[in-house]
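The values are calculated or read from the model by the stated rules, or taken from the named source; none is laboratory data. What you see is a predicted model, and the numbers here were worked out from it, not measured in a lab. Quick reminder, even Gly has a Cβ in these numbers, built from the backbone with ideal geometry, and neighbours come from all protein chains shown. To get the accessible areas, we keep the full protein, side chains included, count just its heavy atoms, and leave off ligands, DNA and RNA. Shrake-Rupley method; radii C 1.70, N 1.55, O 1.52, S 1.80 Å.
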Amino acid sequence: MSVWVTEEVMRRGLRFCSRGSLWQQRNFLLSAPIKDSCSPDKQFFHLWSPRQSQTWLSRSPVSSVRFYSQGANHGDDLEDGERLPSQPADTASAERQRKSPFLELLESCGSPSDVLDLTGNYSPTARQVSHCLTHMWATTKKMTDEQRRYELQLMFEHPAFDQLLQRAMKTLVHIRDEDVTYSLLSMVNLGVPQRSRVVQTFLRTCQEKLNDFDEKSLSILASSLEQMEDGANVRALKEGMRLVVEARLPGIKNVMALQTMMRLLGNDAPKDLKWKLEKKALSMTDHFSLPNAQYMISTMATMGFFSKPLLDVCSKKITENIHGIPFNRIFKLLQSCRELRYRDVHLLTSISDYVASSLDIWTNKQLLLFLSVFENLIFCPAALMDAYADKVIANPDVLTLKDLLCVLKVYSSLSYDLQDRRQQFLDSLSRVLISYLPKISAFELLKAVYCLCLLGHFPYAPLEQLLQSSVLEKLAGSKFPKSQERMFQTMDVCLRVDHPPLPQPLTVPASVLGDPTPSTPSVNPRLLLDLQSLLEDQVHMMLQEGVMVENLYFIDAAVTKPTPNQTSVCEARSGGGEGCSPAESSERIAVMYAPQSGFCYGTSNPRGPLAVKIRHLKILGYNSVLVTEQDLQSVSEEARIDFLRERIFPQHHRPETQPDEKEHLRS
C-alpha cells in the first residue's frame, strides 16, 4: 500500500471518528415544506437520511457534466464546445484582486468535505455560498466514479452540508442572477434531491427572476433544467425559457449559449421556433469553432431537428480539423449522425481514414465501437476495416467472445471484401470461435455461424455443434423465433447452394426453418411496365414475373436471353418448325427491385442478405440487375428504359446517352 493511500485512509478514519456523534443530529428542512408554484397542493420535503442518500447515490450515478465558468470559483474545467460566455478580462482581473482569504482557502480544498469543514470555521457571505457549492462539484470532476460516490456520501452525511444549504436559501435574495443559476446547477450535479425544499426554492426564484436573466444566466439555467426530472416547476421554467429565448433570439451573440438553449427546448419546440433557431445558427456559422461544430450536431440530434445546411457546415468544419479529436467526441458525433439519419460521405470517410491511420492510439473496445456505429450508419469504412482486419490477423487471441460477435456482425453486414486477406481473416475468426465453443450460448453460436455463412465461410466444428439436437432444443424457447427462422433459412440455402467441402454432410432440420411456403412479394408495377416496353420487340426473349428461387429468393422478373450464337440456332430451328427451349438459353438475368438500405451508403455495393442473394443467384446461373427506388422515381420513362437496356443489353446501349445522366442512373 502506497504512502498516499495510507494517509488517505487515516484521514477518512479520523473524519468519521470526529463526526460520528454530530451526524445523528441532522434535521435539515423537515418542518418547513414549500408548495409548488404550479401545483398548490403538492409539497416538497427534504427527507433523506444517511441510508437513503446512500441508496439514492447507488442507483443514480452522478452526471459528468462540467461547470461553465471563467475562473476557478465557478469551475474552470469545461468540456470544449460547452463553454458559456466568460467574463471580460478586466472584470476577471478585478475579481482576482478582490479575493478574500476565504476564497484563497476555498481554492485549496480538494473535496466537498474539505469545503464543508471550511464553512464550519468561517461564515461565508451570500456570494461565497455560491462559490462553495460550485467548488464542491468542481473537486469531484476529476475523481474516479468510485471515489466520487464515496466523497458524495461523506458530503451528504456532513452536518455542515445542511447548514450550507440553509444559508443558501436565506441569502438567495441577495445574490446575483448568475450566482443563483450556478448554485442550482451545482446542487443538481452534486445529487441534491430535486424535490427537496432547497432545490424547489431555487427553481421558484429562477421563475421570478427569469425576465432579468442575461444570456449567460439563461444558458446556465438551461444546463440545469436539461438534467432535471420532469416536475411542475421544471415545466414552468422550460415554458418560460421558450418564451424568453424566442423573444431574445435576435440578440443572442454567443454560439454556446444558443446551443444550450436549443438543447433545453428539445423536441417540444414548435416547428416555427426551430426554423428561427436554424436561421440564427446559420447566421453565426462564421464564428463556429471546432467544438461548436461538434456540439451543434449533437444539439440537433437532441432536438430531433434535421437541418441539412447547418449539418453540412458543421461536417465541413469537422472534416477539415479531424486530427486530434478525442474518441468520446468522435463517437458522440457518429451517434448523433445516426439519430439524425445524416450521412456525409466526406465526413465519414475522413473519420475512417483518421482512425485507421492512428490505429495504435485506440483501444480495441474503441475500435469496435467505431466499427459498430459505422455499421449502424450503413456506411463501409474501408480504410478502418482493412486496418482492423490486419490487427485481427496479427493477434486474433485478443478478441473476447463479445468482440468476436461484433466483428462478425460488422463484416458480414457490410459484406466488405478483403480480397487476398479474406481467407486468412476468416480463418483467424474461426479459430477464435472454436476456442469459445465450450462456453458459448446457443443463441450466440447461432449468430456467429449465421454471420460466417453470410461471408461464405463454413467452419465445420461450429456448424456441427449448432445443429446438434441438444443445442436446437435450447433455441426452441428463445425470445427471437422469427429472427432465428430467418437465420436458419439462410444457413440452409448456403449449405445447399454454396456446397462447402465439409468432412461430413450437414443439413438444417426442417423443424427450425419455419413456414416452408414463404409469402411471395408483389412485383414492382413500374419496373414490370418498363421491362415489358423494353422487351416487346425482342422475339427471342422470355420474361417471367415473380420467380421464387430455392424457396427463399424472390426475383421480380427473370429474363431469358440467348447469346448471338444461340439466336441463330433458334432461328434455323424455327424455319424447320422447331424452336429452342428456355433451358437451352445460355444466359438468365434476374431483375430485382432493391431497397436503398441494401447497399452500403454512397456506393452501389450490396450488403448483408442482398449480397448473399446475388452470390447464390450467380451460382445458380443468373446475372443480377438491381434497380433501386431512385432509378424508378427520379428519372423519365425513357431514361429508365435506357438504364434497363444498358444493363440487360450492354452491346446495344445507345451512345448518345449523356454521361451525367448515366452517372445519375447508377448512383
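Considering only protein heavy atoms, with the full assembly of protein chains and a 1.4 angstrom probe, order Lys482, Lys447 by accessible area, largest first.
These residues rank, largest area first, as Lys482, Lys447.
Could you order the peptides 341-347, 292-298 from most to least packed, using the average number of other C-beta atoms within 10 Å per residue?
Result, highest mean first: 292-298, 341-347.
For Phe649 and Glu444, what does the FRET efficiency come to when R0 = 56 Å and r is the distance between their Cβ atoms, rounded to the nearest 0.05?
0.70
Using the basic label-point model (7 angstrom from Cα toward the beta carbon), what is the Asp386 to His346 distance in nanometres?
2.2
Past 28 Å, Cα to Cα: identify those pairs from Lys209/Lys274; Lys142/Lys332; Lys409/Lys439; Lys308/Lys482; Lys391/Lys482; Lys332/Lys391, in the order given.
Listed pairs above 28 Å: Lys308/Lys482; Lys391/Lys482.
If you add up the charges near Ile252, with Lys and Arg at +1 and Asp and Glu at -1, over every other residue whose beta carbon is less than 10 angstrom from its beta carbon, what do you get?
+2
Quick one: which residues, 5 or more positions from Glu587 or on another chain, have an amide H under 5 Å from its amide H? H modelled 1.01 Å from N in the peptide plane, none for Pro or chain starts.
Answer set, sorted by chain and number: Lys561, Thr563.
If you keep only loop residues by DSSP, which GluC sites (Glu not before Pro) in the range 177-242 have at most 15 other Cβ atoms within 10 Å of their Cβ?
Glu229
Along the charge dipole of the range 371-465, pointing to its positive end and built from +1/-1 on Cβ of Lys, Arg, Asp and Glu, which listed residue (Tyr436, Leu455, Ala387) has its Cα farthest out?
The listed residue farthest towards the positive side: Tyr436.
Summing Lys, Arg as +1 and Asp, Glu as -1, what charge do residues with Cβ under 11 Å from the Cβ of Ala594 carry, Ala594 excluded?
Once positives and negatives cancel, what remains is -1.
Could you do me a favour and compute the accessible area per residue for the range 351-454, 1.4 Å probe, result in Å²?
Per residue, the range 351-454 has an accessible area of 40 Å².
Dividing the alpha-carbon radius of gyration of the range 237-346 by 2.2 N^0.38 Å (N being the number of residues), what value is obtained?
Cα-based Rg divided by the globular estimate yields 1.03.
Leaving out ligands and nucleic acids, note down the accessible area per residue over the range 125-220 with a 1.4 angstrom probe, in whole Å².
Averaged over the residues of the range 125-220, the accessible area is 33 Å².
Starting from the Cα-Cα distance between Ala232 and Gln166, subtract it from 0.36 nm times their residue separation and give me the gain in nm to one decimal.
21.5 nm
Taking amide hydrogens as modeled 1.01 Å from N in the peptide plane, which residues meet the under 5 Å criterion relative to Gly546, leaving out close sequence neighbours?
Ala557, Ala558
Show me 406-412, 190-196, 394-400 ranked by packing, highest mean number of other Cβ atoms within 10 Å first.
Output ranking for 406-412, 190-196, 394-400: 406-412, 190-196, 394-400.
Please check which bits of the range 323-357 a label hung off Lys316 would reach, taking the label as a point 7 Å along Cα-to-C-beta and the cut-off as backbone N under 11 Å.
No residue qualifies, since no backbone N sits under 11 Å from the label point.
Kindly identify the range 370-414 as rounded, prolate or oblate by the Cα gyration tensor criterion: order the square roots of the eigenvalues as a ≥ b ≥ c, call it rounded if a/c is under 1.5, otherwise compare a/b with b/c, prolate if a/b is larger, else oblate.
Cα axes put the range 370-414 in the oblate bin.
Taking 8 Å as the Cα distance limit and 6 or more residues as the minimum spacing, I'd like the relative contact order of the range 111-193 as a percentage.
47
Would you mind estimating how fast the range 589-636 diffuses translationally, via Stokes-Einstein at 25 °C and 0.890 mPa s with the Kirkwood radius over Cα pairs, in µm²/s?
My calculation gives 217 µm²/s for D.
Non-local amide H neighbours of Val625 (under 5 Å, H modeled in plane, Pro and chain starts lacking H): which ones?
HN-HN under 5 Å from Val625: Ala590, Val591, Met592.
Debye sum, Cα scatterers, the range 97-162, no solvent: what log₁₀ I/I(0) at q = 0.16, 0.18, 0.22 1/Å?
-0.49, -0.62, -0.89
So if R0 is 56 Å, what FRET efficiency would Ala510 and Leu243 give, r being the distance between their Cβ atoms, rounded to the nearest 0.05?
Using R0 = 56 Å, I get an efficiency of 0.30.
Going by average Cβ density within 10 Å per residue, which order do the peptides 550-562, 266-278 take, highest to lowest?
With the highest mean Cβ count within 10 Å placed first, the list reads 550-562, 266-278.
At what distance in nm do the modelled label points of Asn211 and Asn328 sit from each other, each positioned 7 Å from its Cα along Cα→Cβ?
Computed distance between label sites Asn211 and Asn328 equals 4.0 nm.
Could you compute Rg(Cα) / (2.2 N^0.38 Å) for the range 258-309, with N its residue count?
Working it through for the range 258-309, the quotient is 1.02.
Figure the gain on full extension for Met284 and Thr144 (residue separation times 0.36 nm, minus the Cα-Cα span) and round it to one decimal in nm.
Contour length minus Cα-Cα distance gives 46.7 nm.
In whole percent, how big is the carbon plus sulfur part of the accessible area of the range 281-385, probe 1.4 Å, protein atoms only?
Its accessible area is 52 percent carbon and sulfur atoms.
Is the range 486-525 best put as rounded, prolate or oblate by its Cα gyration tensor, with a ≥ b ≥ c the root eigenvalues, rounded for a/c under 1.5, and otherwise prolate when a/b is larger than b/c, oblate when not?
It comes out oblate by the Cα gyration axes.
Compute the distance in nm between two label points, each set 7 Å from the Cα along the Cα-to-Cβ direction, one at Met542 and one at Lys618.
So the label points at Met542 and Lys618 sit 2.5 nm apart.
Taking only the alpha-carbon positions of the range 336-394 and ignoring solvent, what does the Debye formula give for the base-10 log of I(q)/I(0) at q = 0.14, 0.25 Å⁻¹?
Log-scaled intensity ratios, in q order: -0.35, -1.05.
With the Cα gyration tensor of the range 92-218 giving a ≥ b ≥ c as the square roots of its eigenvalues, does the rule (a/c under 1.5 for rounded; else a/b larger than b/c for prolate; else oblate) give rounded, prolate or oblate?
Because a/c hits 1.5 or more and a/b fails to exceed b/c, the range 92-218 counts as oblate.
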